[in-house]
1. Can you pull out the residues in segment 297-330 that are open to solvent by less than 30 Å² (accessible area, probe 1.4 Å) and part of a helix (DSSP H, G or I)?
2. With 486, 492 as the choices, which residue is among the hydroxyl-bearing types (Ser, Thr, Tyr), in the same structural domain as residue 345 (by TED's automatic domain parsing), more than 16 Å from ligand 1 (Cβ to nearest atom) and over 25 Å from residue 388 (Cβ atoms)?
3. Could you list all residues from segment 366-377 that are open to solvent by less than 20 Å² (accessible area, probe 1.4 Å) and either out of contact with any Pro (no Cβ under 6 Å at 6 or more places or on another chain) or under 18 Å from residue 342 (Cβ atoms) (or both)?
4. Picking from 237, 209, which residue would you name as being out of contact with any Lys or Arg (no Cβ under 7 Å at 6 or more places or on another chain), of a type in the set (A, V, I, L, M, F, W, C) and at pLDDT 95 or above?
5. Within segment 88-108, track down each residue that is crowded, with 18+ Cβ neighbours inside 10 Å and closer than 15 Å to residue 138 by Cα.
6. State whether the residues of segment 369-376 include one that is touching a residue at least 60 places away in the same chain (Cβ under 8 Å) and within 23 Å of the chain's Cα centre (by Cα).
7. Hey, any hits in segment 266-279 for a residue that's surrounded by 16 or more Cβ atoms within 10 Å (Cβ to Cβ) and of a type in the set (Val, Ile, Thr)?
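The values are calculated or read from the model by the stated rules, or taken from the named source; none is laboratory data. Quick caveat, the model's predicted, so the values are computed rather than measured. Neighbour counts are summed over all protein chains in view; Cβ atoms, including those assigned to glycine, are modelled from backbone coordinates with ideal geometry. Surface accessibility is based on the protein's heavy atoms, side chains included, excluding ligands, DNA and RNA. Shrake-Rupley method; radii C 1.70, N 1.55, O 1.52, S 1.80 Å.
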Amino acid sequence: MRDGSPMASFSLHGIPVSRGIAIGRAHILTPAALDVKHYLVAEEHLEAEVRRLQDALAAVHRELQTLWNELPKDAPTELGAFIDVHALILSDPMISEAPLDIIRSRHYNAEWALLTQIDELSAQFDEIEDAYLRERKADIQQVAERVLKVLMGSEQLMPKQGELEGDEFLAQMIVVAHDISPADMLKFRDRSFIGFVTDVGGQNSHTAIVARSLDIPAAVGMSQASTLIQQDDWVIIDGDAGVVIVTPSAQVLEQYRERQMVALRARKKLGKLKKTPAITKDGTAIALMANIELPDDCEHAMESGANGVGLFRSEFLFMGRGAASMPSEDEQYEQYRRAVAAMKGRPVTIRTLDIGADKPLDQMEHTALNPALGLRAIRYCLAEPQIFLTQLRAILRASMHGKVRILIPMMAHAFEIDQSLAMIKRAKAQLDDRGEKYDPDVKVGAMIEIPAAALALPMFVKKMDFLSIGTNDLIQYTLAIDRVDYEVAHLYNPLHPAILQLISMTIAAGHKAGIEVAVCGEMAGDTKLTRLLLGMGLREFSMHPSQLLAVKQEILNSDLDSIAPQMRKIMRAMDPDAIADAVMALQVL
Ligand code: PEP
Ligand code: MG
């Protein structure tokens, strides 16, 4: 616990979710602040940003004035008083001036500066004993919302990626929050923070996965980090160990800087493998594919030398869009087409909408008691055939621009296979009617991520063109652990014998039936498990691009002939320690 001294160093232990060391200043984000864009404004644009906020404040003033003027004669007097209070709040220097200072001093964009100030004011209001005054907090928030609405409609001067490189602020910020949803995490992709720390979350929650895709250190499940760490505290994230050190001593700081340098050198070395084919020592070729969330990620995938996209989590195109909107067929088509074009002829596996659980749509009703077991992924799509058909048509149209594969998530039942295939047929027929072209041979695969699917493989191999094992969910559902819940994170064990059996069975059944099997869950990007998966017969790995070269290096150093004899022992073992030891031993073969 914090001892009150601002300089006392302390550390917090949680769950490592994205590797590497980050050293920077804490930036505490409140839930409200997560809703707006965050970026730092370059010195030369600061006054323009100040004006943007001033203009928004003036616009709200005018809005309130109009409201007042247009009040019906018989309107209750409280209504006029209410508008007066809001106008007063708006003119108060704490709203009309303090955020301008924040823009100038911290370089925050206008929305962020306003919210930072509102958060500070709200905290002060919480301390007030007088109930009437305490309730005025709501008025301040309503005024802020009006201003934000105007701001969000005004043109934002977002710096381009890397434009502010070397900027003191940017090079230093570590986001600390109670929780960040996957959709909010996505918003951070175009702006640079150097690390993330959250109080809650699990290793394979979608928030963690997006953090990994940002390729910056992150640790979750830090319990009370967002209350114990204070704004601007110096923080080290050790993303390998899941440790956060707050206000470190000079000596500790030096040690971590040294580690950062070593990691950087290792990374540079890996970069040389980009064009080397992934072939084991005994000559077996392995496909290394990329997991992406948005078409822009294809650039990273290509840079890392991926053989294609093994998993395009298309749901990220649907998230964070507000309550009313779904991407249209044309909009989706354009995004899929972009991804396909960016991969220059390499296959792109587009997973159909996997919405629900920890990735809700804004417009979804949150009625499920246990969303991970609820109307998720293919269940949702079959219940909403128009949404599904729209997506399928968009994917099919994109197949004219390269090699596209369709991947269906969360299948468990025979009727889900049949209905999905029927929907694809219907989408094709609809395109035929419109005279639109598509690749008639688009391959359709199933994600094997529910134990029932892994135990009923004949059902799948007969009708599907390929399989992709989603180990993140397979572990969640087999071991009955919510992947988002840090309190059960210690039970999330990819080496549980049940998991190993299910993966191995799926690979064997697929190969026996002559269809390709990939692993696209996070296990595929874990170098400690590369040889284990090779030993199980896996020949296609799909992972985030940032992990790809390290996995390739592992593959280049692996010899399947020496792994094979060890596999029998591993697959028979039931003792978790023995399994872990045997898997570790594979690495030094
Ligand atoms: C998985 O479950 O392993 C997977 C790849 O899909 P997601 O993580 O998006 O659920
Ligand atoms: Mg999944």
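1. Scanning segment 297-330 gives 297, 298, 301, 314, 315, 316, 317, 329.
2. Values: 492 fails: more than 16 Å from ligand 1 (Cβ to nearest atom).
Result of the check over 486, 492: 486.
3. The first filter runs over segment 366-377 and keeps only residues open to solvent by less than 20 Å² (accessible area, probe 1.4 Å), leaving 372, 374, 376-377.
Passing the criteria: 372, 374, 376.
4. Numbers: 209 fails: at pLDDT 95 or above.
That would be 237, the only listed residue that is out of contact with any Lys or Arg (no Cβ under 7 Å at 6 or more places or on another chain), of a type in the set (A, V, I, L, M, F, W, C) and at pLDDT 95 or above.
5. Within segment 88-108, 89, 90, 95 meet the criteria.
6. Let us first name the residues in segment 369-376 that are touching a residue at least 60 places away in the same chain (Cβ under 8 Å), namely 372.
Restricting the remaining residues to those that are within 23 Å of the chain's Cα centre (by Cα) gives 372.
Taking every residue of segment 369-376 in turn, at least one turns out to be touching a residue at least 60 places away in the same chain (Cβ under 8 Å) and within 23 Å of the chain's Cα centre (by Cα).
7. Looking for residues that are surrounded by 16 or more Cβ atoms within 10 Å (Cβ to Cβ) and of a type in the set (Val, Ile, Thr), one finds none in segment 266-279, hence no.
Conditions tested, residue by residue: (1) assigned to a loop (DSSP other than H, G, I, E, B); (2) of a type in the set (A, V, I, L, M); (3) modelled with pLDDT under 95.
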{"site": "276", "(1), (2), (3)": "yes, no, no"}
{"site": "281", "(1), (2), (3)": "yes, no, no"}
{"site": "332", "(1), (2), (3)": "no, no, no"}
{"site": "339", "(1), (2), (3)": "no, yes, no"}
